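The values are calculated or read from the model by the stated rules, or taken from the named source; none is laboratory data. Every value quoted in this text rests on a predicted model; they were computed, and no experiment measured them. Heads up, the Cβs are rebuilt from the backbone with ideal geometry, glycines too, and the neighbour counts pull from every protein chain shown.
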Amino acid sequence: MVRFIAILSLETRSAISFKLIALFLLAIAPIFADDLDFFDEPPKTGAVANERAKDNVLSGAISLQSAYQFREYANRGNFRQQRARLDLDLRESLWEGANFQANGYGFWEGAPAPAAKSSANLNEAFIQARLSPNFDLKVGRQLIVWGKSDMLRVTDCLNPLDNREPAMTDIADLRLGAAAARADFYAGNWDLQGALIAERRFGERPNFPSEFAPFDADFRGEKPRGAQGAIAAFGAFEGYDVSLNYASVFRDEIADRSRVNLYGAAGAIAAGNFLLKGEAAALRSAENSRIFAQDFARNDLLAGVEYNGASDLTIAVEGVTRREIRPASSHTETYAARIAYDLFNARLKFVSLSSLTRDLSRANGWFSRFQGDYEIKNNLFFTLGFVFYGGDLPPFSLYDHNDRVFAKLKANF
C-alpha cells in the first residue's frame, strides 16, 4: 500500500484520475451484473431473496467527486477536488429490543489540494436498547437532534458541524457524532429526554492552506474540561408538537469555548399544505468567556414555513435573528430558502439552497447552491451542481473566489 501511494504521488493529475475511475468502475461492476449475459447465475427471488436481505447488515456507498473552480486562486489551479470516498453503515440486532449501529466514512484526495489529503470519521457507534415499554437507553457516539429547523440552528446545539467546505452540503449531513449516554422516558404524548455528553468534540473548520482558509491561524482555543448535559421534553399532539429544552454546553466559536446554558423552546403546526415552525433560545454564560472578562448573553428567535402542496415539490423558507447583549451589543439576521423538486418518477431530484446573513452595519454575506441528482439505474447516481459565494461580511468575503461547478458519481451497495 505504501508503495502504491508513493507511485501515485509521482504521477500526473490525469493518470491519478484514470486510476481512481478504474477503481470506481471495478467497485460498481456488480451493480450491472444482472444486465450482462455472462453472469449465468439466475437472480434470487422469493424466500431466498428475503433471507439474504435479513442477513445483509452492512451497506454503504463508494463515490468519486470532482470540482472545478471558475477563478484560479493563489496559483493553485482550478481543479479543487478529485476525491474517492467510501461510506459504510453497519446495523446489527443484538437481542430482542436492542441493536448496534455504526457508520462512518473515509476519503482520499487525488488532485492537488491544499487541504488534508485524506480523512476518516467514525460518526456514530452506539447501542440502543428498550429496557421497558416506556424507557429507551442509547449509549455511544451518536447524533442528538433538537429543533424543527432544517436549515438554521437555534436549539440544535448538541452536535458540532463539519464546515470544512461551506455550503457544499445540507446541515443534516454536516453533524458530527459525540460520545454520550441518552435516556428517553415515554409518558402519553410526551418524551422526556436526558443526555450526558462525555466527548468534548468541536466543529471542523477549513484547514490552511485550503481555499476556504487563506491564512494560517489557530482558532481552536483552550480545550475545556468537564462533560456537557441536556434535558428536554417533547410533546406530540394532533396537528402540532412542542419541545422545551435546556443544555449546558461549550460554545463552538473562534477561540472561545466557554460554557453556556441554553434555555429553549420549539414547535411546529400543520396548517393544510403548510408546516409552520418556530424556535427560541436564550444563551447565558455559565462562566466568564476566555476572551472577554464579561458574561456572554444572546437571544435567538427563528421562524419558518414549509410548503408541500404540489406533487413532488417542497419549498421551505426560514429566518433567524440573533441579538447579542453581552459582552458587546450586536445583531445579525440569517435567511435561508430551499426548493426540492422531483422529476421523472423521482429519478431526477433538483435542489436549490440559498442563504443570506447580514448585520446592523448592513454588511452581508451569501451563498447559493444548485444541484441535480440523477439515478442512472438502481443504486447508481450522478450529481451535477454549482455553488456561488459573495458579500462583504466575513467569512463570506474570503470565499468570493470559490465559485465552482462540482460533479459526483456514487454507487450504493
So F185, is it at pLDDT 95 or above and surrounded by fewer than 16 Cβ atoms within 10 Å (Cβ to Cβ): yes
Output for the range 256-283, where each listed residue is under 26 Å from K223 (Cβ atoms) and either modelled with pLDDT under 95 or β-branched (V, I, T) (or both): D256, R257, S258, R259, V260
Boolean, N412 is over 14 Å from M168 (Cα atoms) and of a type outside the set (D, E): yes
Residue that is farthest from the chain's Cα centre (by Cα), among those in the range 81-113 that are among the hydrophobic types (A, V, I, L, M, F, W, C) and not in a strand (DSSP E or B): A111
Test for R251: is it more than 30 Å from R130 (Cβ to Cβ), modelled with pLDDT of 85 or more, surrounded by 14 or more Cβ atoms within 10 Å (Cβ to Cβ) and in contact with a Phe, Trp or Tyr (Cβ under 8 Å, 6 or more places away or on another chain): yes
Out of R200, R220, R205, sole residue that is over 27 Å from L275 (Cβ atoms), at pLDDT below 95 and loosely packed, with under 15 Cβ neighbours inside 10 Å: R220
Residue ID - farthest from Q81 (Cα to Cα), chosen from residues in the range 361-385 that are exposed (fewer than 15 other Cβ atoms within 10 Å of the Cβ) and of a type in the set (A, V, I, L, M, F, W, C): I376
Extreme residue, nearest to G229 (Cα to Cα), among residues of the range 185-213 that are within 22 Å of the chain's Cα centre (by Cα) and of a type in the set (G, A, S): A195
Residue among V154, V139 that is within 30 Å of A268 (Cβ to Cβ), at pLDDT 95 or above, of a type in the set (V, I, T) and part of a strand (DSSP E or B): V139
Residue in the range 305-332 that is modelled with the lowest pLDDT, counting only those that are surrounded by fewer than 16 Cβ atoms within 10 Å (Cβ to Cβ) and charged (D, E, K, R): R326
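Which of the residues belonging to the range 340-397 are among the basic types (K, R) and assigned to a strand (DSSP E or B)? Spell out how you get there, then give the answer.
Residues of the range 340-397 among the basic types (K, R): 347, 349, 358, 362, 369, 377.
K349, R358, R369, K377 - these are the residues of the range 340-397 that are among the basic types (K, R) and assigned to a strand (DSSP E or B).
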Exclusive hit being closer than 16 Å to A179 by Cβ, modelled with pLDDT of 85 or more and either over 24 Å from the mean Cα position of the chain (by Cα) or polar (S, T, N, Q) (or both), set G235, G226: G226
